[in-house]
Amino acid sequence: MKTRVETLTPPNTPKPIGPYSHIAKVGQHITIGGTAGFDPATGQMAGPDIRSQTLRILQSFKVMLESVGSDLNHVVHIHIFLRDMKDFDAMNAAYVEMMSEHRPARTVIAVRELPKPDVLLTMNLRFQKEFTASEVAEVIARLEGKIREQFPEINHIFIETESLRQVSEARP
């Protein structure tokens with residue numbers, strides 16, 4: 001089975017400042033690339049302070065995650081790039097405001113500069129999307145098909161299992 005990388009930049013999120021998409025997805029593994037605190041409606045920074053930029057980034061992440069059927073509670077790891085480590089405590093306060101009790105793994109790195117002069121921090125993240133019932137059923141059906149192809153001598157097991165399933169579903 002070939003693995004395909006899907007990319008997208010959802011509506012109501014800041015326009016990327018370079019040649020990239022905000023989201024890259026391979027199966028249930030999803031990465032959101034570097035995001036700064038730009039207001040998607042105006043294209044301007046959400047504010048001149050670390051709090052407003054942190055909240056804006058996490059709000060953008062929330063919209064991006066919703067676009068692929070997930071939320072902040074499924075974040076596995078966040079990388080934070082701070083221009084000034086003196087902003088660490090204020091960033092943490094805003095972070096807790098948005099992330100609530102969820103505490104994914106996190107790395108905070110001080111950087112000398114960021115792509116735009118007013119940007120005080122950027123973040124990126126990884127998360128794991130949960131399978132829906134229909135996605136699980138699809139995987140099971142594909143596996144069953146491969147097993148039937150490779151082991152035709154056991155097809156009777158699948159037929160008997162399907163018959164039992166139909167009988168049990170027909171009962172009130």
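Laboratory data are not the source of any read-out in this text; all were calculated from the coordinates shown. None of the values given here were measured: they were computed from a predicted structure. Every residue, glycine as well, gets a Cβ built from its backbone with ideal geometry; the counts of neighbours run over all protein chains shown.
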Review point. What is the spin-label model distance, in nm, from Val108 to Ile17 if the labels are put 7 Å beyond Cα along the C-beta direction?
Key: 2.1
Check your understanding: Can you give the Rg to Rh ratio of the range 6-128, both from alpha-carbon atoms, with Rh computed by the Kirkwood formula?
Key -> 0.93
Review point. Could you name the lysines in cross-link range of Lys25, using Cα to Cα under 27 Å and dropping any fewer than eight places away on the same chain?
Key: Lys2, Lys15, Lys62, Lys116, Lys129, Lys146
Revision key, fill the gap. With x for Gly and Pro, the residue-by-residue ³J(HN,Hα) of the range 73-80, computed from phi through the Karplus equation 6.51 cos²θ - 1.76 cosθ + 1.60 at θ = phi - 60° and given in whole Hz, is 6, 9, 5, 9, 8, 10, 9, 10
Point to revise | Val5 paired with Val76, simple spin-label distance in nm, labels 7 Å along Cα-to-beta-carbon | key: 1.6
**Study point:** Label point distance in nm, Glu66-Ala137, each placed 7 Å from Cα along Cα→Cβ
**Key:** 2.7
Point to revise | Amide H partners (placed H, <5 Å) of His77, local residues excluded | key: Arg126
